[in-house]
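The values are calculated or read from the model by the stated rules, or taken from the named source; none is laboratory data. Keep in mind that this is a model prediction, so the values were computed, not measured. Here the Cβ positions follow ideal geometry from the backbone for every residue, glycine too, while neighbour counts run over all protein chains shown. Calculation scope for accessible area: heavy atoms of the full protein, side chains included, ligands and nucleic acids excluded. Shrake-Rupley method; radii C 1.70, N 1.55, O 1.52, S 1.80 Å.
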Amino acid sequence: GNLQKMYDTTDTETPQWDLFVETWYTTFKEEPQTTSEVFKAITPIKTREGYTFCNHQELRDSLPDVFLDAIEREGSFTRMLGSALSKRKDRRYPSGYKIENAGEKKHAVRWKVVKIEEQSKLVSEDTQ
């Protein structure tokens, strides 16, 4: 109805995050990453010949718009990404992925994206 139409036209964040978590999964599989590791993965590096090369251009291109201003500054970007991932932890995305906290590495939170397996209907054993 009208509510769904309004939701479809106003929610630009979910599709952006959906693409980002799907691309994250394609990039890292279920290998945990800190926000600094993500920053390094999407930051272009200059070769000795002067070419600019980005290891994970697809991931950089899939970043939600909210990060575009912070993408050049590691401190701002990693803080923003960390807080955004915390807010979205365990949320299911339409593409079938979710973000999980994967513990810590040298006092930095590690994150991973996992593919959600469809739960088949479990029949409880204690129903007679």
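Among the trypsin sites (Lys or Arg not before Pro) within segment 75-120, those in coil by DSSP and having at most 15 neighbouring Cβ atoms inside 10 Å are Arg91, Lys106.
Given axes a ≥ b ≥ c from the Cα gyration tensor, I'd like to know whether segment 50-100 is rounded (a/c under 1.5), prolate (a/b larger than b/c) or oblate. Note, shape of segment 50-100 comes out oblate. Put simply, the amide H of Trp111, placed in the peptide plane, has neighbours under 5 Å in Gln33, Thr34, Ala102, leaving out anything fewer than 5 places away on its chain.
Per residue, the solvent-accessible area of segment 14-128 (1.4 Å probe, heavy atoms of protein chains only, all protein chains present) comes to 67 Å². As a rough guide to protection, the peptides 17-25, 41-49 ranked by mean Cβ packing within 10 Å, highest first, stand as 17-25, 41-49. Subtracting the Cα-Cα distance of Val66 and Ser83 from their residue separation scaled by 0.36 nm leaves 4.9 nm.
Here are some pairs, Lys46/Lys89; Lys87/Lys112; Lys29/Lys87; Lys89/Lys115; which of them have Cα atoms lying more than 24 Å apart in this structure?
Violating the 24 Å limit, Cα to Cα: Lys46/Lys89.
Applying both filters, DSSP loop and at most 12 other Cβ atoms within 10 Å, to the chymotrypsin sites (Phe, Trp or Tyr not before Pro) of segment 26-112 gives Tyr51.
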